[in-house]
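The values are calculated or read from the model by the stated rules, or taken from the named source; none is laboratory data. Here the structure is a predicted model, which is why all the values come from computation and not from measurement. As a convention, Cβ positions derive from the backbone with ideal geometry for all residues, glycine included, and neighbour counts pool all protein chains shown.
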Amino acid sequence: MAGKMSKTNVAARAEQRANVNKTCRFCGQEIEVALVVVGRGKTRMVRLCCERAGVAQDQGQAAG
Ligand SMILES: [Zn+2]
């Protein structure tokens, strides 16, 4: 039954979505990222949540 949805229902769903977006899809923890300087003014996004959870990050080659 695809009926009409109440406004409160929609709001609740939107909230649920927001919560999902805040969850990292790699480690499942709350997303926490940081910009780390890798040299010569270059910065790189690092997922602190994954580091804490011990999940390997697949973001290209290691700086070296
Ligand atoms: Zn993560």
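Points worth noting:
- Close pairs (6 angstrom Cβ cut-off, 6 or more residues apart or separate chains): modelled with pLDDT of 90 or more and surrounded by 13 or more Cβ atoms within 10 Å (Cβ to Cβ) in the stretch 48-64, assigned to a loop (DSSP other than H, G, I, E, B) and charged (D, E, K, R) anywhere: L48/E32; C49/E32
- Long-range neighbours under 8 Å by Cβ, at least six apart or interchain, first residue closer than 25 Å to Q16 by Cα within the stretch 30-46, second in a strand (DSSP E or B) and of a type in the set (K, R): I31/R47; E32/R47; V33/R47
- Residues in the stretch 32-49 that are out of contact with any strand residue (DSSP E or B) (no Cβ under 8 Å at 6 or more places or on another chain) and in a strand (DSSP E or B): G39, K42.
- When the stretch 1-31 is limited to residues that are outside any helix (DSSP H, G or I) and exposed (fewer than 10 other Cβ atoms within 10 Å of the Cβ), the one that is modelled with the highest pLDDT turns out to be R25.
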